[in-house]
Amino acid sequence: MANESSEEIAGRKWHGGNAPGLAGVYGRLRVTVGGKPIATMVVEGTYVALIPDVSGPADATVMCADEDVMRKLFAGELNPFIASMRRLARIAGDRGFGTRVMLGLQVGSPFAPGAGIGDMT
Amino acid sequence: MSLDTVSILDGSTFVVSDRRGDLDATPTENHGLFLEDTRFLSRWVLTVGGIRPKTLSVDEQAYFKVQFFEAVTTGTVYVDSHLSVIRRRSVSGGFQETIELENHGKDPVDLEIKLDVASDFADLFEVKDKLAKVGQLYSNVDDGTITLGYRRDSFVRETVIKADKKGEVRADAFVFQVKIAPQSSWSVGFDVLARGRRADIEDLEAPRISTALQDTARDRGLQEWIAGAPRLIATWDPLIKIYRRSLVDLAALRFETGIAPGALPAAGLPWFMAVFGRDSLLTSFQSMAFVPELTAATLRALAILQARKEDPFRDSEPGKILHEVRLGEMTAFEARPQSPYYGAADATMLWLIMLEEYERWTGDTDIVRELEREARAALAWIDNYGDRDKDGYVEYERRQDTGLDNQCWKDSWDSIAFADGTLASTPRATCELQGYVYDAKHRCARLAREVWDDPALADKLDKEAEDLKRRFNKDFWIPERGFFALALDGQKRKVDSLTSNIGHLLWSGIADEEKAASCVKHLMSDELFSGWGIRTMASSEGSYNPIGYHVGTVWPHDSSFVAWGLRRYGYKAEAAKICRAILEAADLFDGRLPEAFGGYPRTKTSYPVEYPTACSPQAWATGAPLLVLRTLLGLDSDGKHMIIDPAIPEPLGRIELLNIPGCWGRMDAFGRSLAAHED
């Protein structure tokens, strides 16, 4: 997969790129917002991207209460444990994989504002 | 737990009631239905005709179900009742309870049966520290169902209670007006569902089924768990009871995280039904020869939650293994840092030690390959973060006031003190941490050499470990007292108290032989050995208090590791003496050791004195008899074969442990105590 990508999802452009905390993690994470599937996060080691696929296979699903929660979670700004306890986001399916992804994005995320390689616009 | 309470549990869900079966939480009675560190029910009180029934007996059938046999009496000396009550309760995601009344009289009876319900939705920290709520409590009645709830922003927790018989349903009670014919009975069933953080997902994934069906499956699961563990034959009868109690309690404390396959041991009831790195790891070590699968689940879950970044609030640093995860309101709103909290300076080394121990015992090299990245991160943490000031020793100091003062196993505020009672300044480099580093590096050197195909790393780790040992034996030794310092304080002064920590140095192997010999004399002295086990702090020291949490009490797990350490250095008789003391204490606690008991000398008490707020069952106390058995039989693995080297004291006689799992498949071990002339 190329080292850069961008997709229009939920009215915004998301740039894929490097997430150093995801080294060794591989899989697909379905993303739902308010109960509606909107995208899939593809994780290939330290490369991560959001694609608009909502029906292909996925190892786990991250269910976000709203877009703001999704943005903060993917930017690594919202602790996934806090999000879970406050019912802002939950992971279903392979929760080990989903937890690794959410914790890994906290180290550095291409979806973080100012990340350089992948500011959300 | 208090002798006045009855507890049943299933994973992180547990119910603590009085011996009537009532929940009546007060600032001094920590009753309740608890899930995810939150109390979902604080009141559940049965009255029959305005009278609270009197308990006749309590039948604790299994760790997850209980029966209460009661009578409705007038309170006179004689139990002159014709009306008995049987309450059957089983816990799972809440609990289900059947209340059955039997009229043994010759006349019909008209009764009002009332069950008061309420919840304060207290965070476990609020229960413990008596704090007030911030959000809103509510209660709804709809279609015969009471919903008790609590809301603070998006943090919502609810308890949904349904009865299977029609009656009056109020916001705080179910009321039934019943007539029971002579020699007849009447019953009602209640379903209490605790809706936690994942309630909506669980509604979709796992429809609620009756506890009768669950109980059958859990009964079978428990029997399989016990059958899968080695079989014990012993001539000293109490040992059979103690062993079975340990296995059952360990089964009860199993805790599925949902993020890794299998179950790991939660730390203990009631305050610690959560993931604790240190507790789960040490319990895994203790139970390795019996149920090694606990270790695999522990290693994997802790690996997923390994710290990835610096976060002062959570004392998090890349590569560090967590201390504790909590899921209650105070953690959710970051009044507490346990999301997760990483304030344990030893857990990272213990995780590495367990990775090697598990591989050597089971031969499972796949897990060592699978977790290589995490293991390397953990090793890097030791040097990059554990050794904060680059003096060659791991030390700890909390980053924020919400963190723990002490980040070693003796984590109460006053545990690290000089002999005169003065608290040591921070950062504190406790001695056992250095032992764990030494052990972890040597063990990982073997893994690097044999599994990771990295001989350069192996050589580096071996060299670092030996260098550490050389420096440690110089820098921590107190020649005038003949033992190792408890710690180096912030000014690198030797904290000169005599404590049980020196026993952990034997387990690790960091002590030079001649220094170990001197430590053994201290460990077996009247100052440290109470007769029931090793005191956390010697009675000769300034801070000693026989009922001080970490400054004089005896912790069975601590004593079990000291005994294992004595075996490592060849002190079989001394190890056996401690093992015998622990088992005799366990017998007096009806087979279930509490986390700690008083450090009073055995010459003063014919039984170990209870510590007032000790957790029970507690995982590493439950594991203590298992490590004691391993110590008595001298069980170890060389990676291919089981090593058996028994040293059994009188009066334990003969011990046979059959079907011990390991890389050899299943094997038996036995040993017998030798008469004096045979020794």
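Quick notes on this one:
Each row is one residue, and each column tells you yes or no for (1) over 31 Å from the mean Cα position of the chain (by Cα); (2) surrounded by fewer than 22 Cβ atoms within 10 Å (Cβ to Cβ); (3) of a type outside the set (V, I, T); (4) over 28 Å from B:S185 (Cα atoms).
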residue: B:G21; (1), (2), (3), (4): no, no, yes, no
residue: B:T28; (1), (2), (3), (4): no, yes, no, yes
residue: B:T38; (1), (2), (3), (4): no, no, no, yes
residue: B:T47; (1), (2), (3), (4): yes, yes, no, no
residue: B:S57; (1), (2), (3), (4): no, yes, yes, no
residue: B:A62; (1), (2), (3), (4): no, yes, yes, no
residue: B:S90; (1), (2), (3), (4): no, no, yes, no
residue: B:Q96; (1), (2), (3), (4): no, no, yes, no
residue: B:E100; (1), (2), (3), (4): yes, yes, yes, no
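- Scanning region B:591-608 for residues that are in a loop (DSSP other than H, G, I, E, B) and closer than 22 Å to B:Y243 by Cα yields a count of 8.
- Residues in region B:331-373 that are charged (D, E, K, R) and crowded, with 23+ Cβ neighbours inside 10 Å: 2 in all.
- Of all the numbered requirements in (1) within 14 Å of chain B (Cβ to nearest Cβ); (2) crowded, with 22+ Cβ neighbours inside 10 Å; (3) assigned to a helix (DSSP H, G or I), A:G76 misses one, and that requirement is (3).
- B:P261 meets all of the listed conditions (1) within 14 Å of another protein chain (Cβ to nearest Cβ); (2) buried (at least 24 other Cβ atoms within 10 Å of the Cβ); (3) modelled with pLDDT under 95 but one, namely (2).
- Those helices (runs of 4 or more DSSP H) of region B:312-413 in which 1 or more residues are free of Cβ contacts under 8 Å to residues at least 60 places away in the same chain and more than 29 Å from B:T553 (Cβ to Cβ) occupy B:365-370, B:372-381.
- Condition broken by B:A647, with the remaining ones in (1) among the small types (G, A, S); (2) at pLDDT 95 or above; (3) under 23 Å from the mean Cα position of the chain (by Cα) satisfied: (3)
- Among the residues making up region A:80-106, those that are under 18 Å from A:G27 (Cβ atoms) and within 7 Å of chain B (Cβ to nearest Cβ) are A:R90, A:A92, A:R95, A:G96, A:T99, A:R100, A:L103, A:G104, A:Q106.
- Residue match in region B:178-198 (condition: without any contact (Cβ under 8 Å) to a residue 12 or more places away in the chain and within 14 Å of chain A (Cβ to nearest Cβ)): yes
- The residues on offer are A:V42, A:V69, and the sole one that is outside any loop (DSSP other than H, G, I, E, B) and either within 14 Å of chain B (Cβ to nearest Cβ) or in contact with a Leu (Cβ under 7 Å, 6 or more places away or on another chain) (or both) is A:V69.
- Filter result for the condition that a residue is among the β-branched types (V, I, T), closer than 23 Å to B:T283 by Cα and crowded, with 23+ Cβ neighbours inside 10 Å, over B:I321, B:I304: B:I321
- Among the criteria (1) free of Cβ contacts under 8 Å to residues at least 24 places away in the same chain; (2) crowded, with 22+ Cβ neighbours inside 10 Å; (3) away from every other protein chain (no Cβ under 14 Å), the one A:K36 does not fulfil is (2).
- Checked across region B:229-241, the condition of being within 14 Å of chain A (Cβ to nearest Cβ) and more than 19 Å from the chain's Cα centre (by Cα) holds for no residue.
The values are calculated or read from the model by the stated rules, or taken from the named source; none is laboratory data. Model, not experiment: these values are computed from the prediction. In this analysis, Cβ positions are derived from the backbone assuming ideal geometry, glycine residues included, and neighbour counts consider all displayed protein chains.
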